[in-house]
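Heads up: the structure comes next, in structure tokens.
The values are calculated or read from the model by the stated rules, or taken from the named source; none is laboratory data. As the structure is a computational prediction, the values presented were derived from the model and not from experiment. Positions of Cβ are backbone-derived with ideal geometry, glycine not excepted, and every protein chain shown enters the neighbour counts.
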Amino acid sequence: MKKTGLIALLLLMVFSNTAHSQTGTTDADAGKPGVVQYAAVKVDTLYTEFKNPWGMAWLTDGRMLVTERAGEILVFQNDQFTGVRLKGVPEVFNDGQGGLMDIETHPDYAKNGWIYITYSKPVEGGATTAVMRFKLNGNEMVDKQEIYTAKPYIKANFHFGSRIVFDKKNYLYVSSGERGTQPKVQELDNDHGKIHRLYDDGRVPEDNPFAKTKGANASIWTYGHRNPQGMVYDAENDRIWAVEHGPKGGDELNLIEKGKNYGWPKTSFGINYDGTVLTPYKEMEGVENPKRYWVPSIGPCGMTIVTGNRYPEWKGNLLVGAMAFTHIARLQMNGTKFVNEEKLLQGISRVRCVGQSPDGYIYAITEGPGRLIKMTL
């Protein structure tokens, strides 16, 4: 059932690179219908019955599609759940961190009708990150084409990635988590802990950085990643941002650039979960440093960049879902340099994804409780 209501929320203080304080709502308050007072931002709760939502995308006819990790795609229109779930969703490996994940439309969707999803695919030997594209016939997925699977296949049920973005030339970028294969992340003969660049039909561009490197997987664009669960293309400046989970501490914001090594597991600002030292190195020659890192971990996930004029003071800012700290991080950048950070909607619950609709509004999906929210100033 759709539940709506305006919740006015107070923007919290700007905080430093390593320390912050908080006031205002609690997680319990934020999960209740009714009013919790914060200044400047209003949040309209549009839907409250998600379990583990993961990604969202808008179609040219005004519909919005939201993925559920268990393997469903829900259809919304005019900010309301239509009661429709798409038919024909592929079987997913719904275990641990696996399942149906990101969703994105082709930049030329109005002409070609292609929609893309990432999911953990059950395979012999375990599961893997996969990309499928499809079209819609009414509410049914048709013309389904699997265009990418990460290899080799692994039994692990965690660290699948997995986000997709397109750049201005319609190249597709997909993030693949390291699946627990730490030493292999620095090697180019496997797809794990990498961001890959493909044509929109899954073919590999010949000008990829390692396309002519003997023994390397030609789809690799960057490597040395742990678990990139957020990615966005900044069209105005033709660049890609990604956020990834560190271990205990060491979450990162990275500028994704051709052929670069982002360090995992040779460098990290985090430690092992048991408190032991993972690596003594935070920086290393030949490794690209993060533009922003978080200690302790905020659990960064789906992200967007603010464009248009609906949020004039936020224009050009990155908005990052923070699962562990239950807020949205607003990152102010000066070009590619991190300047400041502000916590929005503290206590709203685990923010899995933040997106900007075609008409410029900011939406987010959360879990625990699972909700769709819309932010207005």
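Looking at region 39-63 only, could you name the residues that are on the phi < 0 side of the Ramachandran plot, exposed (fewer than 13 other Cβ atoms within 10 Å of the Cβ) and of a type outside the set (Ser, Thr, Tyr)? I'd like the intermediate steps shown before the answer.
Step one: of region 39-63, the residues on the phi < 0 side of the Ramachandran plot are 39, 41-61, 63.
Next, from what is left, pick out any that are exposed (fewer than 13 other Cβ atoms within 10 Å of the Cβ): 39, 51, 60-61.
Correct list: Ala39, Lys51, Asp61.
Within region 166-181, track down each residue that is buried (at least 16 other Cβ atoms within 10 Å of the Cβ) and of a type in the set (S, T, N, Q).
Listed by number, the residues that qualify are Ser175, Ser176, Thr181.
Look through region 88-127, keep the residues that are assigned to a loop (DSSP other than H, G, I, E, B), of a type in the set (D, E, K, R) and at pLDDT 95 or above, and return whichever of them is nearest to Met303 (Cα to Cα).
Narrowing region 88-127 to residues assigned to a loop (DSSP other than H, G, I, E, B): 88-99, 106-108, 113-114, 124-125.
Checking the rest, the ones that are also of a type in the set (D, E, K, R) come to 91, 95, 108, 124.
If we keep only those that are at pLDDT 95 or above too, we end up with 91, 108.
Numbers: Glu91: 26, Asp108: 22 Å.
Ranking the candidates gives Asp108 first.
Please state which one of Gly259, Gly250 is crowded, with 24+ Cβ neighbours inside 10 Å, more than 24 Å from Ile154 (Cα to Cα), among the small types (Gly, Ala, Ser) and modelled with pLDDT of 95 or more.
Details: Gly259 fails: crowded, with 24+ Cβ neighbours inside 10 Å.
None of the other options fit; the residue is Gly250.
Name the residues in region 124-165 that are among the β-branched types (Val, Ile, Thr) and either at positive phi or buried (at least 16 other Cβ atoms within 10 Å of the Cβ) (or both), would you?
We begin by selecting, within region 124-165, every residue among the β-branched types (Val, Ile, Thr); these are 128-129, 131, 142, 147, 149, 154, 164-165.
Within region 124-165, Thr128, Thr129, Val131, Ile147, Thr149, Ile154, Ile164, Val165 meet the criteria.
Those residues that are touching a Phe, Trp or Tyr at 6+ places or on another chain (Cβ under 6 Å) and under 23 Å from Val123 (Cα atoms), I need them from region 55-97; list them, please.
If the condition is that a residue be touching a Phe, Trp or Tyr at 6+ places or on another chain (Cβ under 6 Å) and under 23 Å from Val123 (Cα atoms), then Thr67, Arg69, Val92, Gly96, Gln97 are the ones that fit.
Go through the residues of region 179-192 one by one and say whether even a single one is in a loop (DSSP other than H, G, I, E, B), among the aliphatic types (A, V, I, L, M) and touching a Lys or Arg at 6+ places or on another chain (Cβ under 7 Å).
Initial filter on region 179-192 (in a loop (DSSP other than H, G, I, E, B)): 179-181, 187-192.
Keeping just the survivors that are among the aliphatic types (A, V, I, L, M) gives 188.
Narrowing the set further to residues that are touching a Lys or Arg at 6+ places or on another chain (Cβ under 7 Å) leaves none.
There is no residue in region 179-192 that is in a loop (DSSP other than H, G, I, E, B), among the aliphatic types (A, V, I, L, M) and touching a Lys or Arg at 6+ places or on another chain (Cβ under 7 Å).
Kindly provide the set of residues from region 60-87 that are part of a loop (DSSP other than H, G, I, E, B) and either of a type in the set (Gly, Ala, Ser) or modelled with pLDDT under 95 (or both), ordered by number. Working first, answer last.
Within region 60-87, the subset part of a loop (DSSP other than H, G, I, E, B) is 60-63, 69-71, 78-79, 86.
Within region 60-87, Gly62, Ala70, Gly71 meet the criteria.
With the condition kept exactly as written, say whether any residue in region 183-195 is more than 18 Å from the chain's Cα centre (by Cα), crowded, with 23+ Cβ neighbours inside 10 Å and over 16 Å from Met101 (Cβ atoms).
yes
Yes or no, residue by residue, for (1) surrounded by 21 or more Cβ atoms within 10 Å (Cβ to Cβ); (2) touching an Asp or Glu at 6+ places or on another chain (Cβ under 6 Å); (3) at pLDDT 95 or above; (4) not in a loop (DSSP other than H, G, I, E, B):
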| residue | (1), (2), (3), (4) |
| --- | --- |
| Gly286 | no, no, yes, no |
| Cys301 | yes, no, yes, yes |
| Asn309 | no, no, no, no |
| Val320 | yes, no, yes, yes |
| Ile328 | yes, no, yes, yes |
| Phe338 | no, no, yes, yes |
| Ile348 | yes, no, no, no |
